[in-house]
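Right, one structure below, let's go through it.
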Amino acid sequence: MKSFITENRVIIFSVALFIVLLVIIAVWIFSSSSGNGGDFDESTADYAGPFKVVIVLNPARPKVGDNSLTIKLRDKDNQPVTDAKIKAVAEMPAMGSMAAMPIPAVMNHAGGGDYTGDFELPMKGAWPLSLEINSGKTGNARLEFEMTTSRAGVRLSSATDSNIPRAESNNKSSSGSIPDLSDKINASGQFQVSGKYRIKVQLEPTTPTVGKNKLTIVVQDKTGQPVTGATIRIVAQMPAMGSMEAMNIPATITEIGAGSYNGELLIPMAGEWPLAVDVETETLGHGDLIFGMVTGEPGLTVASATPAGVSHYTCSMHPSVKSATPGTCPICGMDLVPVTKKEQKSGGISMDARRRQLIGVTTGIAQEKQLIQVIRAAGRVNFDESHMTDITLKFDGWIGKLHAGFVGAPVKKGQPLFTVYSPELLSAQQEYLETLRRRKDKNDSLLRASRQRLSLWDITPAQIRQLEKRGTAIEYLPIISPTNGTVVEKTIVAGSAVKAGQKLLRIADLSSVWVEGEIYEYEIPLVKVGMEAKIVLPDQPGKSLSGKVKYIYPYLQGDTRTAKVRVELDNRDGALKPDMYTHLHLKVDLGKRLVVPESAVLYAGDSRVVFLDMGDGWLQPRKIKTGVRNADDIEVLEGLQPGDKVVTSGNFLIAAESKLKAGIDQW
């Protein structure tokens with residue numbers, strides 16, 4: 001019994017030992033595999049010099065912005081190369097006036113023969129990737145890859161001759177880190193469905209080259225019947241890059257048979273040339289296809305079948321950017337928006353309720369209403385020229401005492417202004433007194449002549465009676481004011497010698513003033529004598545005066561090209577001062593007119609445009625002819641009917657989108 005138990009223990013121990021040995025062997029194999037780069041897929045490697053290289057991009061399709069690059073490096077025995085110095089540069093070749101743009105990636109060893117780095121692409125396009133590998137233990141090599149933002153992965157274009165024998169299963173000419181050509185949607189020689197068409201496009205040569213390339217297009221309907229008489233437009237476009245504008249290369253297409261068409265495409269330089277194909281017939285409408293086409297790469301790849309009715313894609317901020325395919329703007333990076341053929345033809349746009357709310361779209365109605373226009377003119381208070389008096393003498397003399405001694409002095413009618421001495425006046429007084437003493441009767445002719453002489457010299461009857469009562473001549477005779485008013489001009493002082501006819505004082509009656517406003521030339525026909533006028537005083541907020549237009553001057557001011565209108569105002573309270581600035585408001589009733597809100601009209605050069613709300617989210621630009629306007633409304637002479645609904649706010653943003661979709665010619 002003990003022997004049996006001992007034998008079983010030996011067997012159990014042997015089995016356990018065997019299992020332990022198997023586990024140790026498995027762990028050793030796994031560790032050996034991991035140390036040799038267990039995640040290294042040799043079947044996808046590129047060979048250069050003493051190295052095996054696998055390139056991994058993240059994202060797999062390079063994008064504008066940040067990208068990461070991983071380089072897996074192994075020697076001929078699949079052992080990780082850990083001492084390499086790698087120089088990695090993505091460089092867009094020089095094009096036209098745009099210099100070459102190198103974008104380096106700083107590579108660091110992450111362990112196990114894997115090297116990582118980042119690079120930032122500033123724009124779409126082809127960015128060939130070059131690698132220089134230097135290892136003190138293993139050797140040196142250089143590799144160059146094709147890399148573009150339109151395709152995933154990289155493709156080996158050249159490399160240092162490899163001294164590593166290749167496995168039979170590794171017959172490849174490009175990096176296995178990307179799909180092979182067979183993994184792409186190769187459209188050469190295959191029918192593609194777009195709208196109601198089946199379209200096949202073939203290139204000759206199969207690999208596009210710089211220079212002449214022949215195109216053959218076969219167009220069928222969905223049942224496979226050939227489509228004849230189609231209008232086919234084909235354009236290859238290299239997108240704008242930096243200072244270089246986009247280049248469009250059209251192909252002239254001719255029909256050579258039932259449903260068969262050919263043409264020729266002349267490519268001026270190497271690079272990416274997305275190929276847009278547009279097929280149109282009256283019965284089947286439009287069909288659009290976009291192909292990826294790169295010089296040096298065989299065949300065409302389907303980029304997209306443009307949805308029915310879409311003309312192209314553009315950038316909301318940069319309308320000059322036009323692309324046959326969706327994507328991002330090469331200038332600002334914004335997503336391109338689709339432009340339908342209906343939008344391009346009409347200039348209208350479709351806008352849902354959410355977008356309307358975001359940009360604040362409101363509408364108004366074109367309607368006939370009483371249009372009141374207020375003409376606002378700059379005005380100034382002036383003297384009433386019909387109430388101004390100049391004080392002069394009809395004889396020579398000298399000023400004695402000056403009673404109105406300063407400009408601005410108020411004077412009353414009958415008040416002495418100054419006294420004057422004049423030998424002629426003194427002689428006339430003495431002559432009158434002598435004649436008065438010698439008169440024969442009251443009707444003495446000499447007495448009448450002497451009295452008239454004094455009267456003609458502006459001596460008042462009261463002064464003559466005072467002279468008669470006094471009996472002697474007055475040497476300094478007072479000169480009496482003939483009116484009430486204010487002295488506004490004065491040219492004399494006490495003792496001044498004056499001549500007959502010389503202006504000594506000017507008196508203005510300020511109980512009445514003029515307000516003169518200047519209106520523009522185009523406003524003259526609207527202003528009539530007798531219309532109501534409102535005068536606003538800037539220095540007295542809330543206060544206004546009313547009057548009527550008394551006169552419209554029959555000439556223009558040459559320097560300002562304006563006409564003067566006059567309003568007369570009562571100023572007995574003295575509130576209005578000459579040369580005071582005012583605002584003159586003239587209300588003009590223009591009668592019943594068809595009008596829209598002023599905010600609805602957009603100005604585009606000589607054109608006036610409004611956006612009609614056609615319903616169902618559709619907004620349509622409409623050119624109109626405008627007439628007179630006021631602060632709120634504009635008269636519409638042509639282009640609208642009463643009841644039309646127009647956009648009154650948010651239309652600037654709508655116009656920007658409509659312009660970029662329809663083109664400036666619509667405006």
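Observations on the structure shown:
- Between residue 207 and 299, the built amide H atoms are under 5 Å apart, and every one of these is 5 or more places off in sequence or on another chain.
- A 1.4 Å probe, protein heavy atoms only, puts the accessible area of residue 579 near 100 Å².
- Karplus-based coupling profile of segment 503-520, in residue order and whole Hz: 6, 9, 9, 10, 10, 10, 8, 8, 6, 9, 10, 9, 10, 10, x, 10, 10, 6, with θ = phi - 60° in 6.51 cos²θ - 1.76 cosθ + 1.60 and x standing for Gly or Pro.
- Low-density loop cleavage sites - trypsin sites (Lys or Arg not before Pro) in segment 548-593, where at most 14 other Cβ are within 10 Å (DSSP): 561, 572
- With all protein chains in place and a 1.4 Å probe, the accessible surface of segment 357-423 carries 53 percent carbon and sulfur.
- Across 553, 476, 197, the residue with the most accessible area heads the list, and the full order at a 1.4 Å probe is 476, 553, 197.
- 18 Å reach of a label modelled at residue 469, 7 Å along Cα-to-Cβ, counting backbone N of segment 384-414: 414
- Charge sum, other residues only, whose C-beta stays under 9 Å from residue 586's C-beta, Lys/Arg counted +1 and Asp/Glu -1: +1
- Near the amide H of residue 488, within less than 5 Å, lie the amide hydrogens of 408, 506, 507, 508, all on another chain or at least 5 residues away, with H placed in the peptide plane.
- Note on segment 523-575: with charges restricted to the Cβ of Lys and Arg (+1) and Asp and Glu (-1), its dipole about the Cα centre is near 160 debye.
- Candidate aspartates and glutamates - alpha carbon under 19 Å from residue 528, same-chain residues fewer than 8 apart omitted: 516, 518, 568, 589
- Relative contact order (%) - segment 427-573, alpha-carbon pairs under 8 angstrom, separation at least six: 18
- Here the gap between residue 631 and residue 552, fully extended at 0.36 nm per residue and compared with their Cα-Cα distance, gives a gain of 26.0 nm.
- Selected from 80, 56, 92, residue furthest toward positive end of dipole (segment 38-121; charges at beta carbon): 92
- Segment 357-427, dipole about Cα centre (Lys/Arg Cβ +1, Asp/Glu Cβ -1), debye to the nearest 20: 260
- Neighbour net charge for residue 550 - beta-carbon separation under 13 angstrom, K R +1, D E -1: -2
- Note, ³J(HN,Hα) from phi for segment 563-568, Karplus 6.51, -1.76, 1.60, rounded to Hz, x at Gly and Pro: 10, 9, 10, 10, 10, 9
- Charge tally around residue 145: other residues with Cβ under 10 Å, Lys/Arg +1 each, Asp/Glu -1 each, net -2.
- Placing unit charges on the Cβ atoms only, positive for Lys and Arg and negative for Asp and Glu, gives segment 208-278 a dipole magnitude near 120 debye about its Cα centre.
The values are calculated or read from the model by the stated rules, or taken from the named source; none is laboratory data. Quick caveat: nothing in here was measured; it's all calculated off a predicted structure. When we count neighbours, we look across all protein chains shown, and the Cβ atoms used for this are built from the backbone with ideal geometry, even at glycine. Surface accessibility is based on the protein's heavy atoms, side chains included, excluding ligands, DNA and RNA. Shrake-Rupley method; radii C 1.70, N 1.55, O 1.52, S 1.80 Å.
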